[in-house]
Amino acid sequence: MMLEEFELTSLMSRPDLPRIAATINATLEAERQRRQRFRADLTPSVKAEFIAGQMVMHSPAKAKHLRVTDNLVSLLRHYVIANQSGEVFTEKALICLTRNDYEPDVCFFNAEKAATFDGDTMEFPAPDFIVEVLSDSTAHRDRGVKFDDYALHGVKEYWIIDCDAESVEQYILPNGRTNYDLAHKLTEGPIESIVVSGFRIPVIALFDTQENQQALRSILEA
């Protein structure tokens, strides 16, 4: 959440502002050092993120989470490759923002950004489109710090998928804004990305294998 103007004005007028600033700077420096160690210790077999100065470990995902993620990736990746519109990565891509490092379930980079990555790139900038699939242990971050941080760093589109409700929330970042608008919350019908031009799929294709295969055939035959 952004610091309100009246709160900032009040803070700037405090006589002990230098002490507060020194405390903040010391805290951020210690956090920077922990972040460096976090990145150095990461391995391909561990899913972890660095959020607000702390390493957050992730437990193994449930089958329903894995299936939905795979269903989306199969459709999105084939579409993006066919249209040469960029690059799609899954949960082991480390997204490095100003303060925090995340490993989103699915992320898309447009062609211009993707062209800057080589085979050894391990730290990635803010994507253009991110999808998080909710789980019990991550929902509060997907709807909290990540929701705010993705918007602050210009991620133009953010989907939150709920496996239990079989729903997709599509959030859009209007030009010049740093907070999302809810464009749609869907349990049926099609959903169309505003970032990946022309990518339009049935919501049910995320949750049903047969529908997913039919949607994939439509993409491959287009």
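The values are calculated or read from the model by the stated rules, or taken from the named source; none is laboratory data. Given the structure is predicted, the values throughout are model-derived calculations rather than measurements. Cβ: placed from backbone, ideal geometry, glycine included. Neighbour counts: every protein chain shown. These accessible areas exclude ligands, DNA and RNA; they are computed on the full protein's heavy atoms, side chains included. Shrake-Rupley method; radii C 1.70, N 1.55, O 1.52, S 1.80 Å.
Numbers below:
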{"read-out": "Rounded to the nearest 20 debye, dipole of the chain from Cβ charges on Lys, Arg, Asp, Glu", "value": "440"}
{"read-out": "Estimated distance in nm for a label pair at residue 188 and residue 9, the labels positioned 7 Å out from Cα along Cα-to-Cβ", "value": "5.2"}
{"read-out": "Gap separating the Cα centres of the stretch 8-46 and the stretch 126-173, nearest whole Å", "value": "25"}
{"read-out": "Computed [θ] at 222 nm, deg cm²/dmol, the chain (DSSP H ≥ 4; -39,500 (n - 2.57); rounded to nearest 500)", "value": "-11500 deg cm²/dmol"}
{"read-out": "Area accessible to solvent at residue 57, 1.4 Å probe radius, in Å²", "value": "110"}
{"read-out": "Lys pairs under 18 Å by Cα in the chain, provided they are eight or more residues apart or on distinct chains", "value": "10"}
{"read-out": "Accessible area in the full protein assembly, largest first, 1.4 Å probe, for 138, 178, 209", "value": "209, 178, 138"}
{"read-out": "Protein-only accessible surface order, largest first, of 6, 124, 89 at 1.4 Å", "value": "6, 89, 124"}
{"read-out": "134, 220, 206, reordered so the largest accessible area comes first (probe 1.4 Å)", "value": "220, 134, 206"}
{"read-out": "Estimated Rh, the stretch 18-163: Kirkwood, alpha-carbon pairs, angstrom", "value": "16.3"}
{"read-out": "Rounded accessible area of residue 29 (nearest 10 Å², 1.4 Å probe)", "value": "70"}
{"read-out": "Max mean-square fluctuation residue, GNM over the chain, Cα-Cα springs under 10 Å, options 162, 41, 128", "value": "41"}
